[in-house]
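So the structure is just underneath, and the comments pick up after that.
Just so it is clear, none of the values below were taken in a lab; they were calculated from the coordinates. Note that the coordinates shown come from a computational prediction; the quantities given were computed from them, not determined experimentally. As a convention, Cβ positions derive from the backbone with ideal geometry for all residues, glycine included, and neighbour counts pool all protein chains shown.
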Amino acid sequence: MEHVTRPQEENEYYFEEGCYILEMSQADVDPEVSIARARVEPGRTTRFHRLKDTFERYIMLSGTGRVEVGDHDPVEVCPGDVVRIPPMIDQRITNIGQEDLVFLAICNPHFLKSIYIDSEDLRQS
C-alpha cells in the first residue's frame, strides 16, 4: 500500500554518531518529516551533534537514558518522554540502563546527511 511503510530490520545501520538507525520514513515518501528508530547500546554515549535548520524530537520507547541538550543540565529519560531539540543546538544521549535504549527521532524538515554537524570536538576545545 502506498500509504503504509513497513521498515525491515535488516536495513538498520550503524551511524557515525554512535547509534544504530532504522529509517522508517524516506524523503521520497514524506519530504516534510523524517522518522527513524534509534538504538543505543548499554553504556554507550552518542557524539555531540547539531542539525542545521532542522527541529528534532526524541520519543523514548524503551530503556533508560540521560539526554544533554544545549546548556541545560542532563536529564534522565525513560519510555514515554519526549525531548525537543531546536536547530543548531548541541545534543547527545547516553544509555544508562542494562538494555538497549530505543527511541524515535523525528525531524522536521526531513533529515539529510548534509545537515548533520558533529560538534563533539568543538565542545572539547
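Go through (1) 28, 19, 11; (2) 29, 13, 12; (3) 22, 18, 13 and flag the label whose value is the computed semi-axes √(5λ) of the Cα gyration tensor in Å for this structure.
Correct label is (3).
Can you check what the net charge comes to around Leu22, using other residues whose Cβ is under 9 Å from the Cβ of Leu22 (Lys, Arg +1; Asp, Glu -1)?
With Lys, Arg at +1 and Asp, Glu at -1, the neighbours total -1.
Name the most mobile residue of Ala36, Ala27, Ala105, meaning the one with the largest mean-square fluctuation, in a Gaussian network model of the chain with Cα contacts below 10 Å.
The residue that fluctuates most here is Ala27.
Tell me, what is the percent relative contact order of the chain, built from C-alpha pairs under 8 Å that lie six or more residues apart?
31
Select from Asp100, Asp73, Asp90 the residue whose mean-square fluctuation is largest in a Gaussian network model of the chain (Cα-Cα springs shorter than 10 Å).
Of Asp100, Asp73, Asp90, the Gaussian network model singles out Asp73 as fluctuating most.
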